[in-house]
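Engineer: One structure, pasted below without further comment.
No lab work stands behind these numbers, since they all come straight from the coordinates. Just so we're clear, the structure is a prediction, and the values are computed from it rather than from any experiment. Positions of Cβ are generated from backbone atoms using ideal geometry, with glycine treated the same way; all protein chains shown enter the neighbour counts.
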Amino acid sequence: MKIDESIKYTLDDLRMVPLYSEIETRNIPLTSFLYTRSPEKIFKFRLPIVSSPMTTVTESQMLARMAINGALGIIHRFKDLKWTEEEIYNTHLIFKEQNSLKSENVIGGAIGINGDYIERANMLIECGVSVICVDVAHGHHILMKKALEELFKILPDDIHIMAGNIATHDGAKYLFDLGVDSIRVGIGGGAACQTQITTGCGTPLALSIIEAKRCKDNQHIGYKNKTIIADGGIKNSGDVAKVLALGADFAMLGSLLAGTKASPGEVMQDSTGRWTKAYRGSASAESQRAAGKTKLRVEGVSATVPYLGKLEKVLETMETGVQSALSYSGARNIKELQEKASFIVVSNNSHIEGTPHVNRR
């Protein structure tokens, strides 16, 4: 048994210190990239935002609207191949009909590490998916290695391969060394996740990102184009700015997007008159039953989130918040933000002071 008694901090424990800035406009580009094994194939995004491959977050509407807005959507893996194929076909139709920004139709699809994962990967590629996300709860695992070895035999070099989730330096190195292009970092911090309660396992997202970035920076030259996706527990645009400053290249959002018009499901009115939409973790009992599982290992919950209207409104809030963070830090792009950002640890009272408290008693 080992015990690390040093304190590990969450995003709420950290604040970025405002620095001298020569940025005269907050319209700062947030251009981000995903690389592939092919040097000629690089995917460019206007926003460093990824929609989570969850049943209540990403299906055809979300997939298309994320692409139209210069972000990335990843369709979930919890329905059969025929349904998934039809959803991707619908995605292409929506993109063609509604895209007025001349953005590239880059979309992602999730697969598992057993069952139909090879067949699903082949189908996704045939349907025009550019990003394959190997989606498991614990990516630092022998079954991930075995699955990736099989996938690399069939996946073209111009497909971006994302895998995860991991939470440690060793987990990041494990996946990077296996050859994946990006890793999803974060275990147990999602809004609908109860892994840390059910299993006692997990680490704060801030620590996990720091460790993954340290791995990326200190290991091999070959890690230069590897990408870190922060996933879980991101509650607002300030959190997006923090994870980018800590070393992530993209932020994956679940609950923040589940309440938009682009997410699956109907808008409902609760007993208080609030308009809401359903949101459930991929490891919730409902999600597992929907996927056909009989023996349930529940590490997620089902809930509702406030209805937020158009996806574009949420993405704009994320964009402007991160742009302002760069301005406060004197950074002209995300790379400069990571180089310049300075963090302090704040007390709980400081955290409260930094949140709206008008009329609070």
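Engineer: Please give the contour-minus-distance gain from H141 to K224: 0.36 nm per residue of separation, less the Cα-Cα distance, rounded to one decimal in nm. Display every interim value, and only then the final one.
Structural biologist: Values: separation 83, 0.36 × 83 = 29.88 nm, distance 2.37 nm.
Gain in length upon complete extension: 27.5 nm.
Engineer: Looking only at R280, R37, R184, which one moves most when the chain is put into a Gaussian network model with springs between Cα atoms under 10 Å?
Structural biologist: R37
Engineer: Could you give the length gained by full extension between S347 and E316, i.e. 0.36 nm per residue of separation minus their alpha carbon distance, to one decimal place?
Structural biologist: Numbers: separation 31, 0.36 × 31 = 11.16 nm, distance 3.00 nm.
Once the chain is fully extended between S347 and E316, it gains 8.2 nm.
Engineer: Could you point to the label whose value was computed as P(r) over Cα pairs in 20 Å bins from 0, in percent for the structure here, given [x] 28, 56, 16, 0; [y] 30, 61, 9, 0; [z] 25, 47, 25, 3, 0?
Structural biologist: [y]
Engineer: Compute a Gaussian network model of the chain, connecting alpha carbons closer than 10 Å, and tell me which residue from N333, N348, N69 fluctuates the most.
Structural biologist: Looking only at N333, N348, N69, the largest GNM fluctuation is found for N348.
Engineer: Could you tell me which of the pairs K79/K173; K213/K335; K145/K173; K41/K313; K235/K313 are separated by over 23 angstrom between their Cα atoms in the structure shown?
Structural biologist: K79/K173; K41/K313
Engineer: When F78, F250, F45, F33 are ordered from fewest to most other Cβ atoms inside 10 Å of their Cβ, what list results?
Structural biologist: Result, fewest neighbours first: F33, F78, F45, F250.
Engineer: So, one more: Among K41, K153, K96, determine the one that fluctuates most according to a GNM of the chain built with springs between C-alpha atoms less than 10 Å apart.
Structural biologist: K153
Engineer: Sticking with this one: May I ask you to give the average projected area over all directions of the convex hull of the Cα atoms of the stretch 1-114, in nm² rounded to one decimal?
Structural biologist: On the way: hull surface 53.5 nm².
With the hull built on Cα positions only, its mean projection is 13.4 nm².
Engineer: For E104 and V17, calculate 0.36 nm times their separation in residues minus their Cα-Cα distance, and state this gained length in nm to one decimal.
Structural biologist: On the way: separation 87, 0.36 × 87 = 31.32 nm, distance 3.58 nm.
Full extension from E104 to V17 adds 27.7 nm.
Engineer: Same structure again: With label points built 7 Å along Cα→Cβ from the Cα atoms of K82 and E149, find their separation and express it in nm.
Structural biologist: 3.5
Engineer: Moving on to the next point. Two decimals is fine: what is log10 I(q)/I(0) at q = 0.13, 0.14, 0.17, 0.18 Å⁻¹ for the stretch 1-58, from a Debye sum with one equal scatterer on every Cα and no solvent?
Structural biologist: -0.82, -0.90, -1.01, -1.02
Engineer: With each pseudo-label sitting 7 Å past Cα toward Cβ, what's the C201-K335 distance in nm, one decimal?
Structural biologist: Taking the two extended label points, one gets 3.6 nm.
Engineer: Going by C-beta contacts inside 10 Å, put S302, S182, S271 in order with the fewest on the left.
Structural biologist: Numbers: S302 14, S182 24, S271 5.
Ascending number of Cβ neighbours within 10 Å: S271, S302, S182.
Engineer: Also: Ranking E319, E97 by Cβ neighbours within 10 Å, fewest first, what do you get?
Structural biologist: Working: E319 23, E97 9.
By the 10 Å Cβ count, ascending: E97, E319.
Engineer: Step through the table entries K102/K216; K82/K216; K8/K340; K8/K310, compare each Cα-Cα distance with 26 Å, and write down the pairs that go over it. Intermediate values should be presented prior to the final figure.
Structural biologist: Numbers: K102/K216 33 Å; K82/K216 38 Å; K8/K340 22 Å; K8/K310 36 Å.
In this structure, K102/K216; K82/K216; K8/K310 lie more than 26 Å apart at Cα.
Engineer: Rounded to the nearest 500, what is the 222 nm mean residue ellipticity of the chain from helices alone, with -39500 (n - 2.57) per DSSP H run of 4+ residues and division by all residues?
Structural biologist: Details: 13 runs with 131 residues, N = 361.
Per the formula, -10500 deg cm²/dmol.
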